[in-house]
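Working notes for the structure below.
The values are calculated or read from the model by the stated rules, or taken from the named source; none is laboratory data. Bear in mind that the values here come from a model prediction, so they are computed numbers and not experimental data. Every residue, glycine as well, gets a Cβ built from its backbone with ideal geometry; the counts of neighbours run over all protein chains shown.
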């Protein structure tokens with residue numbers, strides 16, 4: 001989590017969620033898309049909220065993303081987002097697009113909103129059509145509120161192969177007013193750069209223009225959601241959506257505002273917290289891996305190398321097997337497509353130095369093995385080549401990853 | 001294997017090997033680097049052979065690669081190559097480099113050759129020093145000859161986690177003379193683009209200049225060894241080395257020679273055959289996957305997409321589980337970093353069309369499942385976007401991949 005505690009204003013709220021910021025409601029319902037679990041979720045804001053989103057870079061963007069982009073483009077404001085799991089509504093052509101627009105209209109009608117104040121998201125199997133009768137019934141039936149249970153209803157409804165809900169909540173002060181930010185996310189396989197099979201929903205009661213919010217989201221995404229990887233595969237569907245409804249009463253935030261950095265820290269905390277929860281819950285994962293790289297030519301280079309390491313199947317399997325095989329870390333660094341000095345690399349696994357100035361060090365295999373049996377593993381790389389720093393998060397590669405993915409549809 | 005039989009001159013020689021071309025000898029010995037298997041191998045040519053090699057693009061190139069580059073740079077000729085398994089002699093600094101030069105000198109002395117006529121290769125664990133006393137004894141003891149057993153001695157000595165030897169042999173006519181090419185290879189994990197933990201040794205009795213041989217190797221590598229992937233990880237050590245000693249008696253080959261294309265076909269056949277054997281023997285693999293892409297904007301684009309598909313963990317696990325989850329193929333196409341028309345994609349699994357003009361097709365899940373239980377799986381993609389074509393080869397991702405790599409060193 002970097003040295004975020006030093007920015008004294010940002011505080012974690014244990015048990016907080018998307019309904020913690022003022023004026024936000026959530027809920028989930030079982031609409032019959034899955035056997036028994038909730039599968040349609042809703043977030044609602046009392047007033048139109050400035051909104052921004054980032055989307056998958058996969059060229060086959062699913063229909064709901066197109067509808068959400070359309071909504072946000074209109075006025076930069078949203079008041080609700082409707083989400084379903086089980087079916088991704090991707091590669092479904094014109095019919096899929098109409099279905100996504102229908103989801104938007106049904107939700108707008110239920111809540112008495114303009115259609116463009118509603119965003120849509122879907123996650124699940126690619127290439128199947130939505131069961132629109134069940135979706136419609138679900139939207140009719142869905143209840144929403146501000147309790148922990150309501151938030152968990154939403155958090156549950158958006159899951160696919162996830163084994164647990166993901167939520168986070170942080171506060172800070174802006175203009176002397178308490179600003180709260182809450183988040184929910186899903187995603188456990190097909191997780192790689194740039195919004196890969198991951199949905200993130202962040203609510204906030206700060207006042208901020210859509211343009212400034214977009215800027216903030218973009219800068220923070222590169223240090224959080226875009227730095228996690230489970231399997232290197234990106235998806236057609238996924239996005240991170242932020243809504244800020246101004247209920248906290250601060251003066252509107254913008255880059256020149258004295259508390260702009262505090263807002264960025266708030267968003268970074270909320271996002272990194274969700275991102276790490278996603279990485280830790282990677283399909284079949286038994287461990288969270290955090291890779292910290294410093295001494296790169298630039299922050300971009302450092303992030304690239306960190307992600308290459310955490311994305312390497314060989315590193316991931318070695319860590320699953322608690323095998324301190326640092327040669328695989330060197331292999332990953334060397335293929336990251338980033339310039340390094342091959343004679344000045346330090347590698348540490350936890351507190352143990354494995355490589356110093358590119359020279360292998362003697363270390364206790366037993367101690368290393370013991371360290372690798374923890375449930376969070378830290379890999380530190382110092383390239384001694386520049387001032388760039390960056391982190392990435394991922395998980396180990398286990399038998400269960402194979403098991404889950406060999407039979408996802410069946 | 002594409003339509004190679006149409007180029008009538010190129011014929012497969014069943015049971016052929018690196019000793020099939022005239023004037024080549026091979027052997028392997030157990031030097032004690034492994035418990036019981038052979039671990040030092042030698043190829044020898046009666047006369048200096050024009051030689052060319054391609055090397056890993058990983059920035060951390062191992063010591064033996066540097067020595068081999070040094071040897072080839074001298075006169076473009078080699079008469080012997082010495083190879084050890086068990087230890088990669090990578091990330092071993094100055095001492096490692098001296099060890100690799102010692103391997104070269106010991107071999108040159110044994111065979112009465114100039115040192116620069118000897119190439120060196122190593123494969124195994126990164127970051128450990130060679131046991132030079134054992135290597136030296138192995139080089140002293142190694143026998144070489146021209147029998148099938150001699151060839152198999154070499155083929156065995158270069159293996160690591162491979163479950164089987166890899167060899168291939170083809171012939172063609174050049175200037176009316178019979179030209180023979182033989183190959184041996186190792187590699188089963190850390191296999192990705194650009195020479196990743198893979199060693200390939202190709203012998204040939206054609207007459208060709210080192211410069212022309214280099215050109216031929218480069219052009220063929222992009223259609224063979226660089227198009228296989230097992231796990232997306234590249235290694236520090238690996239290379240493909242070709243030696244051609246002129247014993248066939250043809251006129252020296254060059255790009256303008258009337259049989260230049262025949263020679264390229266010969267090299268492509270030999271290389272693709274080895275490459276597919278490596279892919280099929282990927283760590284834990286139960287199936288060979290061949291992806292054929294056409295209709296891309298260029299051959300490069302087609303190859304990139306083919307490799308992205310065959311490298312996707314999600315595609316690999318689906319095929320391991322015999323699950324016709326074509327959505328993962330679309331996901332891989334969309335993230336290959338290559339322009340496509342998202343509305344014109346066809347996908348076939350074997351004979352079954354899954355997607356036509358980007359519209360999902362109804363197909364029998366049972367038939368698809370039955371097809372996916374074969375030991376070679378063909379995926380066909382037509383982008384209908386241009387004339388580019390390309391192929392890539394890989395394998396499925398199984399429980400055994402995890403098992404092998406969770407405990408490689410232990």
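Total residues in the range B:381-410 satisfying the condition of being more than 21 Å from the chain's Cα centre (by Cα), crowded, with 17+ Cβ neighbours inside 10 Å and at pLDDT 90 or above: the figure is 6. Search the range A:69-79 for residues being surrounded by fewer than 24 Cβ atoms within 10 Å (Cβ to Cβ) and touching a helix residue (DSSP H, G or I) at 6+ places or on another chain (Cβ under 9 Å), and hand back the single one that is nearest to the other protein chains (Cβ to nearest Cβ). Top of the filtered list is A:70. Residues in the range A:358-410 that are facing chain B (nearest Cβ under 9 Å) and assigned to a strand (DSSP E or B): A:359, A:360. Checked against the criterion of being assigned by TED's automatic domain parsing to the domain that holds residue B:29, in contact (Cβ under 8 Å) with a residue 60 or more places away in the chain and in a helix (DSSP H, G or I), the range B:168-184 contains not a single residue that satisfies it. Residues in the range B:322-343 that are surrounded by fewer than 23 Cβ atoms within 10 Å (Cβ to Cβ) and at the interface with another protein chain (Cβ under 7 Å from one of its Cβ atoms): B:323, B:342. Suppose we filter the range B:286-313 for residues that are touching a strand residue (DSSP E or B) at 6+ places or on another chain (Cβ under 8 Å) and either surrounded by 24 or more Cβ atoms within 10 Å (Cβ to Cβ) or in a strand (DSSP E or B) (or both); how many remain? Total meeting the criteria: 17.
The test for being at pLDDT 90 or above, buried (at least 19 other Cβ atoms within 10 Å of the Cβ) and outside any loop (DSSP other than H, G, I, E, B) does not hold for residue A:316.
When residue B:26 is tested against (1) surrounded by fewer than 21 Cβ atoms within 10 Å (Cβ to Cβ); (2) touching a residue at least 60 places away in the same chain (Cβ under 8 Å), just one condition goes unmet, and that condition is (1).
Quick one: is residue A:36 in a loop (DSSP other than H, G, I, E, B) and crowded, with 19+ Cβ neighbours inside 10 Å?
Numbers: in a loop (DSSP other than H, G, I, E, B): yes; crowded, with 19+ Cβ neighbours inside 10 Å: no.
Answer is no for this residue.
Of the numbered criteria (1) in contact with a helix residue (DSSP H, G or I) (Cβ under 7 Å, 6 or more places away or on another chain); (2) under 28 Å from residue A:327 (Cα atoms); (3) touching a residue at least 24 places away in the same chain (Cβ under 8 Å), the one residue B:312 fails is (3).
Which residues, counting only those in the range A:336-357, are in a loop (DSSP other than H, G, I, E, B) and either in contact with a strand residue (DSSP E or B) (Cβ under 8 Å, 6 or more places away or on another chain) or within 15 Å of residue A:296 (Cβ to Cβ) (or both)? Listed by number, the residues that qualify are A:336, A:337, A:338, A:339, A:340, A:341, A:342, A:344, A:345, A:350, A:357.
Rundown of residues vs (1) buried (at least 24 other Cβ atoms within 10 Å of the Cβ); (2) within 30 Å of residue B:315 (Cα to Cα); (3) modelled with pLDDT of 90 or more, yes/no style:
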| residue | (1), (2), (3) |
| --- | --- |
| A:188 | yes, yes, no |
| A:197 | yes, yes, no |
| A:214 | no, no, yes |
| A:243 | yes, no, yes |
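Within the range B:224-238, take every residue that is at pLDDT 70 or above and more than 7 Å from every other protein chain (Cβ to nearest Cβ) and give me the one that is farthest from residue A:331 (Cα to Cα). Within the range B:224-238, the match that is farthest from residue A:331 (Cα to Cα) is B:224.
Determine whether residue A:57 is within 18 Å of the chain's Cα centre (by Cα) and in a helix (DSSP H, G or I). Write out each step before concluding.
Working: within 18 Å of the chain's Cα centre (by Cα): yes; in a helix (DSSP H, G or I): no.
Taking the combined requirement at face value, the residue does not satisfy it.
Any residue at all in the range B:83-101 that is in contact with a strand residue (DSSP E or B) (Cβ under 6 Å, 6 or more places away or on another chain), over 25 Å from residue B:128 (Cα atoms) and either crowded, with 17+ Cβ neighbours inside 10 Å or in the same structural domain as residue B:165 (by TED's automatic domain parsing) (or both)? Within the range B:83-101, none of the residues are in contact with a strand residue (DSSP E or B) (Cβ under 6 Å, 6 or more places away or on another chain), over 25 Å from residue B:128 (Cα atoms) and either crowded, with 17+ Cβ neighbours inside 10 Å or in the same structural domain as residue B:165 (by TED's automatic domain parsing) (or both).
Could you tell me whether residue B:23 is assigned by TED's automatic domain parsing to the domain that holds residue B:245, over 25 Å from residue A:358 (Cβ atoms) and touching a helix residue (DSSP H, G or I) at 6+ places or on another chain (Cβ under 9 Å)? Reasoning before the result, please.
Details: assigned by TED's automatic domain parsing to the domain that holds residue B:245: yes; over 25 Å from residue A:358 (Cβ atoms): yes; touching a helix residue (DSSP H, G or I) at 6+ places or on another chain (Cβ under 9 Å): no.
Answer is no for this residue.
Of the residues B:62, B:86, which single one is within 20 Å of residue B:26 (Cα to Cα), touching a residue at least 12 places away in the same chain (Cβ under 8 Å) and within 14 Å of chain A (Cβ to nearest Cβ)? Steps first, please.
Working: B:62 fails: within 20 Å of residue B:26 (Cα to Cα).
Going through B:62, B:86 in turn, the sole match is B:86.
Annotation: of all residues in the range B:126-157 being out of contact with any strand residue (DSSP E or B) (no Cβ under 6 Å at 6 or more places or on another chain) and within 14 Å of chain A (Cβ to nearest Cβ), the one that is surrounded by the fewest Cβ atoms within 10 Å (Cβ to Cβ) is B:129. Restricting the range A:89-107 to residues that are at the interface with chain B (Cβ under 10 Å from one of its Cβ atoms) and assigned to a loop (DSSP other than H, G, I, E, B) leaves a set whose member that is nearest to residue A:71 (Cα to Cα) is A:90.
If you go through the range A:69-79 one residue at a time, do you hit one that is closer than 22 Å to residue A:205 by Cβ, in a loop (DSSP other than H, G, I, E, B) and touching a residue at least 40 places away in the same chain (Cβ under 8 Å)? Full working, then the answer.
First, the residues of the range A:69-79 that are closer than 22 Å to residue A:205 by Cβ: A:71-72, A:75-79.
After this cut, where a residue has to be in a loop (DSSP other than H, G, I, E, B) as well, the list is A:76.
Now restrict to residues that are touching a residue at least 40 places away in the same chain (Cβ under 8 Å): A:76.
Yes, the range A:69-79 contains a residue that is closer than 22 Å to residue A:205 by Cβ, in a loop (DSSP other than H, G, I, E, B) and touching a residue at least 40 places away in the same chain (Cβ under 8 Å).
How many residues does the range B:251-265 hold that are in contact with a helix residue (DSSP H, G or I) (Cβ under 9 Å, 6 or more places away or on another chain) and buried (at least 17 other Cβ atoms within 10 Å of the Cβ)?
Keep residues of the range B:251-265 that are in contact with a helix residue (DSSP H, G or I) (Cβ under 9 Å, 6 or more places away or on another chain), which gives B:252-255, B:257, B:260, B:263-265.
Checking the rest, the ones that are also buried (at least 17 other Cβ atoms within 10 Å of the Cβ) come to B:253, B:257, B:260, B:263-265.
So the count comes out to 6.
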